[in-house]
Amino acid sequence: MIPNQWYAILESREVKRGKPVGFTRMGEKMVAWRDSSGNVTVMSDLCPHRGAALSAGKLAGDRVQCPFHGFEYDSSGACKLIPANGKNARPPKAMRVKTYPAREAHDILYIWWGEPRAEYPPLPWFENIDGMVYSTLRSHWKNHYARAIENQLDVVHLPFVHYNTIGSGGNTLVNGPIAKEIETAPGSYRLDLWVDNEPDYGQRPRKPSEMPAPTRRPLIQFHFPNLWQNWLSDDFLVFLIFAPIDEQNTMMYLRQYHKVKIPVLRQLVEFFGGLGNLYILNQDKRVVVTQRPPRPDLDVGEILIPGDYPIALYRKRRKALIAGKENQV
């Protein structure tokens, strides 16, 4: 995983009041719960006393209680009560659960994966989405999250994987593509991608340097570490969260954002749009889960072509961020 980033890991609605929720992200078992004010806490799903899962316990006021021996932990992870020692006894400072900085925005739960900081960077997001409504589909993919991300940066696969949907038309020849990297905040990056595929009549594909400078918005945007959008129009777009479960599993959250707010019309848009988006996503899934090795890197032995430039750009930035050398790309 890329360290020192805000990762979108769940939708807010998945963590309800009154009950801790267990899940796996980043290869670690975690538990999320809300206090009486609705504030969310995300911590390791492991009681440091005897290793029981806190997600199997319950909430005791603004604390989570271990189901095994009743130890209670507050939102900072500190143990506040060991029943066997008496309610007036002070628990040892070492009795503490690992807790992750957590934020909520856009009905998404983010955690900070990295070293604690006095000030954290802004949450990754696409401002053009603000003001729209959405519906969500979830899909479990058995592959590394970076493979799923690269698929959504891949303009070469469209006429083959999506031959009867978004890739119909036989546009097999790839001009460019044009891909630009933008530093949105120190250590935070976004990739903007313009697609220009066309039918192959024997002409030579144009290099990015031979293409005119873009005058329209990018079709695809990816915000490190795990947010993506397909900016179809100002009124409709597709949005993905690539939530890493572990090295070989990813939870995909697919949202379709739009501006139709009339109840019946909204339901129709979301129903039929959801069916279409899920069909397209499953076309990708069928192929991507077969890729080996599970985790892609610059040195995995794959032979990239010019049309894979956005993927190469993603891999270089990802490698630099993992190594802590983001200024050396």
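The values are calculated or read from the model by the stated rules, or taken from the named source; none is laboratory data. These figures come from a predicted structure and were not determined experimentally. FYI the Cβ positions are ideal-geometry reconstructions off the backbone, even for glycines, and counts take in every protein chain you see.
The set of residues from the range 52-78 being over 11 Å from PRO20 (Cβ atoms) and not aliphatic (A, V, I, L, M) comprises GLY61, ASP62, PHE68, HIS69, GLY70, PHE71, GLU72, ASP74, SER75, SER76, GLY77.
Can you tell me which residue in the range 74-92 is modelled with the lowest pLDDT, limited to those that are basic (Lys, Arg) and touching a strand residue (DSSP E or B) at 6+ places or on another chain (Cβ under 8 Å)? Per the criteria, the residue is LYS87. Residues in the range 288-307: is at least one closer than 22 Å to ILE9 by Cα, modelled with pLDDT of 95 or more and surrounded by 19 or more Cβ atoms within 10 Å (Cβ to Cβ)? The answer is yes; a qualifying residue exists. Annotation: ALA8 fulfils all but one of (1) part of a strand (DSSP E or B); (2) within 23 Å of CYS79 (Cα to Cα); (3) not charged (D, E, K, R); the unmet one is (2). When residues in the range 28-50 are screened for being in contact with a Ser or Thr (Cβ under 9 Å, 6 or more places away or on another chain), more than 16 Å from GLU104 (Cβ to Cβ) and among the charged types (D, E, K, R), 3 of them pass. Residues that are acidic (Asp, Glu) and touching a helix residue (DSSP H, G or I) at 6+ places or on another chain (Cβ under 6 Å) within the range 279-329 comprise ASP284, GLU326, listed in sequence order.
Among the residues of the range 231-257, those identified as in a strand (DSSP E or B), farther than 19 Å from ASP107 by Cβ and not hydroxyl-bearing (Ser, Thr, Tyr) are PRO244, ILE245, ASP246, ASN249.
Per-residue answers, yes or no, for (1) over 22 Å from TYR189 (Cα atoms); (2) in contact with an Asp or Glu (Cβ under 9 Å, 6 or more places away or on another chain); (3) among the hydroxyl-bearing types (Ser, Thr, Tyr):
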site: ASP235; (1), (2), (3): yes, no, no
site: VAL269; (1), (2), (3): yes, no, no
site: LYS285; (1), (2), (3): yes, no, no
site: GLU302; (1), (2), (3): yes, yes, no
site: LYS319; (1), (2), (3): no, yes, no
site: GLY324; (1), (2), (3): no, no, no
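Does PHE242 fit the bill of being assigned by TED's automatic domain parsing to the domain that holds ASN226 and modelled with pLDDT under 95? Here the answer is no, as PHE242 does not meet what is asked.
Those strands (runs of 3 or more DSSP E) of the range 58-141 in which 1 or more residues are of a type in the set (Phe, Trp, Tyr) and within 30 Å of GLU183 (Cα to Cα) occupy 108-113, 133-141.
Filter the range 119-162 down to residues that are of a type in the set (Asp, Glu) and free of Cβ contacts under 8 Å to residues at least 40 places away in the same chain and give me whichever is nearest to PRO293 (Cα to Cα). The selected residue is GLU127. Screening the range 1-31 for residues that are at pLDDT 95 or above and of a type in the set (Gly, Ala, Ser) and picking the one that is farthest from GLY61 (Cα to Cα) gives GLY27. The C-beta contact set for the range 181-193 (first residue within 12 Å of LEU313 (Cβ to Cβ), second residue among the charged types (D, E, K, R) and surrounded by 14 or more Cβ atoms within 10 Å (Cβ to Cβ), distance under 7 angstrom, 6+ apart or interchain) comprises GLU181/ARG317; ILE182/ARG190; ILE182/ASP192; TYR189/GLU181; TYR189/ARG317; LEU191/GLU181; ASP192/LYS180.
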